[in-house]
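The values are calculated or read from the model by the stated rules, or taken from the named source; none is laboratory data. Predicted model only: the values in this text are computed from it and were never measured. As a convention, Cβ positions derive from the backbone with ideal geometry for all residues, glycine included, and neighbour counts pool all protein chains shown. We work out accessible area using only protein heavy atoms, side chains counted, and drop any ligands, DNA or RNA first. Shrake-Rupley method; radii C 1.70, N 1.55, O 1.52, S 1.80 Å.
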Amino acid sequence: MSANQKIPASSYFVHRNSVLHAESVPLDQIAERVATPTYVYSRAAIAESYRSIDEALSPVPHMVAYAIKANGNLALLSCLARLGSGADIVSGGELARALKAGFSPDKIVFSGVGKTDPEIAAALRAGIRSIHVESAPEIDAIEAIARELGVVAKLALRVNPDVDAATHPYIATGLHKTKFGLELDVARGLLPRILRSPHLRLEGVACHIGSMVLSPEPIGDAVAITAAFACECTAAGAPIKTLDAGGGWPILYGNEERDAQGRSVFGRAIIDGIQRGGAGKLGLTVVVEPGRSIVGDSGILLTRVVYVKEQAGKRFVIVDAAMTELIRPALYRSYHAAVPVVAVADAPLSPADLVGPVCESGDFFAQDRLLPPFSRGDLIAIRGTGAYGAAMGSNYNSRPFAAEVLVDGGGFSVIRVRQPLEELWRNERGYEG
Ligand code: LLP
């Protein structure tokens, strides 16, 4: 069924004199200078999102630790580090990025179910704020490495609260059937072992139940369970000072059946969850790990129509971006509004598939969507792509990574040049040529 496309509101990507602008920069100018496909981010949008999340937690001591996986471009990271943000990392690569971008180690937290020995060693050497433990064998690994390095590893236990985040199953992480976190009983059972070790210090508890969690209730429920566990840890003698409530705060892509609640409602749900869990008196610092809600609607993917073709009565608009730049529609059937950069008033809408050039039928951005006429050369902005867009890019079909641009007021800078072709095979060996 074709449907009218819904375009989420934005103060940073707005048509002026019929041309879509990022802040005060017309997007056709960026396409002219940098070519396409190109990711375009708004610095002001990122700063406002960061501040609104910070503000939502202002009633309590807190730290916002940006989830680098959403978009790890160094220019965006250093912008967030300067705003005061911390960082949530999940790999040695993200640790290196975080340090390079200037995040202070005592604001870096490390999540993930499969941290390797070299990654743990790098984190301990850097002296990060906390490693979020997700299994019993991980504790053995951390302890052995901390002993070898002669340091004390600061830990948080990430509990799996078995709460349904009511989101896409691929990005739900709070149920026992997923690989994430520790069942409460298991976490409880680990306490004596951690408390005994001179190389481990349990300073926090953590949870993260999923991404794009539209309603604050499950997050509040997960926090209440985690807060009650913080009380148990404290009673057992652990110097718990932090409760990490994870990320997952939503943005609106435009196709949601209902509006997402404001940031303050999510903040309130976490603060209330701590009270409900009985940890109000512990004076805990609340950490959150937002990724999508900081950069998601701060970026668009700028692409140009290569061809339009009709096939079996169907209109295909073929653009120069593909699943290699934005894999979310192929992976989650996710919705992204496709906005003409030059708007034509009263343009007639008709169904179309918006597709890329890659040799996969899953290479689409929109299917059977009511779109205006497009011709070869037209520019389209694919909205809501600042998070998990460039970060999940690939070189499939030997397509170089897209350029990335950061707009600041009336100017812009290229924060990642389009990948030169030679880089595609730079690390390959054993050929003659
Ligand atoms: N903390 C942890 C431990 C996480 O696993 C994640 C995301 C976050 C924080 C940040 O979540 P956010 O605030 O961005 O929802 N590729 C998927 C999203 C995967 C999220 C993975 N973990 C997508 O494109 O929707």
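For the stretch 335-433, the normalised intensity computed at q = 0.12, 0.24 Å⁻¹ comes to -0.57, -1.43 (log10 of I(q)/I(0), Debye sum over alpha carbons, equal scatterers, no solvent).
Among the protein heavy atoms of the chain, carbon and sulfur supply 52% of the accessible surface, probe 1.4 Å, non-protein parts ignored.
For the chain, take the convex hull of the Cα atoms, compute a quarter of its surface area, and give me that in nm², please.
Working: hull surface 91.4 nm².
Result: 22.9 nm².
Distant-in-sequence amide contacts of residue 315, defined by a placed amide H-H separation under 5 Å and a gap of 5 or more residues or a different chain, comprise 353.
Computed over the stretch 2-152, relative contact order equals 13 percent, with contacts defined as Cα pairs under 8 Å that lie 6+ residues apart. In a simple Cβ point-charge model (Lys, Arg +1; Asp, Glu -1; nothing else charged), the stretch 291-420 has a dipole of about 140 debye relative to its Cα centre. As a length-normalised measure over Cα pairs under 8 Å and 6 or more apart, the relative contact order of the chain settles at 21 percent. With R₀ fixed at 56 Å, the C-beta to C-beta distance from residue 264 to residue 196 puts the FRET efficiency at about 0.85.
With the gyration tensor restricted to C-alpha atoms of the stretch 290-337, the semi-axes of the equivalent ellipsoid amount to 26, 13, 9 Å, longest first. Computed from the C-beta positions of residue 311 and residue 140 and an R0 of 60 Å, the FRET efficiency is 0.55 to the nearest 0.05. Ratio of Rg to Rh for the stretch 1-156: 1.10 [Cα atoms; Kirkwood radius as inverse mean 1/r over pairs]. Largest GNM mean-square fluctuation among 348, 198, 218, using the chain with Cα springs under 10 Å: 348.
Projecting the Cα atoms of 306, 17, 413 onto the dipole axis of the chain, where Lys and Arg carry +1 and Asp and Glu carry -1 at the beta carbon, places 413 farthest toward the positive end.
Rounded to the nearest 20, the Cβ-based charge dipole of the stretch 111-290 about its Cα centre (Lys and Arg +1, Asp and Glu -1) stands at 600 debye. In this entry, the stretch 111-290 is assigned a mean projected area of 10.1 nm², taken as a quarter of its C-alpha convex hull surface. Using the Cα centre of the chain as origin and beta-carbon charges of +1 (Lys, Arg) and -1 (Asp, Glu), tell me which of 339, 66, 85 is placed farthest towards the positive end of the dipole. Of the listed residues, the answer is 85.
Ligands, DNA and RNA aside, residue 344 has an accessible area near 100 Å² when probed at 1.4 Å.
Annotation: Cα Rg of the stretch 90-143 relative to the compact-globule expectation 2.2 N^0.38 Å equals 1.04.
Among 83, 184, 99, which one shows the biggest mean-square fluctuation in a GNM of the chain, springs joining Cα atoms closer than 10 Å? Comparing 83, 184, 99 in the GNM, the peak value goes to 83. Estimated from the Cβ-Cβ distance and a Förster radius of 56 angstrom, the FRET efficiency linking residue 424 and residue 281 is about 0.45.
Of 117, 346, the order by accessible heavy-atom surface (1.4 Å probe, DNA, RNA and ligands excluded), from most exposed downward, is 346, 117.
Here are some pairs, 154/281; 241/281; 69/100; 115/241; which of them have Cα atoms lying more than 18 Å apart in this structure?
From the list (154/281; 241/281; 69/100; 115/241), the Cα-Cα distance tops 18 Å for 154/281; 115/241.
Of the residues 295, 393, 152, the one whose Cα sits farthest toward the positive end of the charge dipole of the chain, with +1 on the Cβ of Lys and Arg and -1 on the Cβ of Asp and Glu, is 152.
Database remark: amide H of residue 65 closer than 5 angstrom to the amide H of 86, 288, 289 (H placed geometrically; neighbours at sequence offset of 5 or more, or on other chains; Pro and chain starts carry no H).
Evaluated with a Cβ-only charge set (Lys, Arg +1; Asp, Glu -1), the stretch 223-305 carries a dipole of roughly 160 debye about its Cα centre, given to the nearest 20. Sparsely packed loop sites in the stretch 140-249 (the GluC sites (Glu not before Pro) outside DSSP H, G, I, E and B with at most 13 other Cβ atoms within 10 Å) comprise 183. Sequentially through the stretch 45-53, phi angles give Karplus couplings (6.51, -1.76, 1.60; θ = phi - 60°) of 5, 5, 4, 5, 4, 4, 5, 5, 6 Hz, Gly and Pro residues having no value and appearing as x. Sequence-ordered 3J(HN,Hα) estimates for the stretch 280-288 from the Karplus curve with 6.51, -1.76 and 1.60 and θ = phi - 60° stand at x, 7, 7, x, 5, 7, 8, 10, 10 Hz, glycine and proline given as x.
In order along the stretch 258-265, phi translates into HN-Hα couplings of 9, 5, 6, 6, x, 4, 5, 5 Hz, rounded to whole numbers, per the Karplus curve 6.51 cos²θ - 1.76 cosθ + 1.60 with θ = phi - 60° and x for Gly and Pro. When the chain is treated as a GNM with alpha-carbon contacts under 10 Å, the residue of 158, 276, 125 showing the greatest mean-square fluctuation is 125. Residue 27 contributes an accessible area of around 0 Å² to the protein surface, as traced by a 1.4 Å probe with all chains present. Prolate is the label for the stretch 1-92. Its Cα gyration tensor axes, ordered a ≥ b ≥ c, give a/c of at least 1.5 and a/b above b/c. Reported to the nearest whole Å, the Cα centre-to-centre distance from the stretch 193-258 to the stretch 93-140 is 17.
Can you divide the C-alpha Rg of the stretch 236-385 by 2.2 N^0.38 Å and report the result to two decimal places?
1.44
Modelled label positions at residue 83 and residue 349, each set 7 Å beyond Cα in the direction of Cβ, lie 3.2 nm from each other. The amide H of residue 285, built 1.01 Å from its N in the peptide plane, has 242, 243 as neighbours under 5 Å, considering only residues 5 or more places off or on other chains.
Relative to one another, the C-alpha centroids of the stretch 377-423 and the stretch 298-319 are positioned 17 Å apart. Take the chain with all the other protein chains still there, run a 1.4 Å probe, and you get 42 Å² of accessible area per residue. Taking the helices alone, the chain has a mean residue ellipticity at 222 nm of -8500 deg cm²/dmol, built from -39,500 (n - 2.57) per DSSP H run of at least 4 residues and averaged over all its residues.
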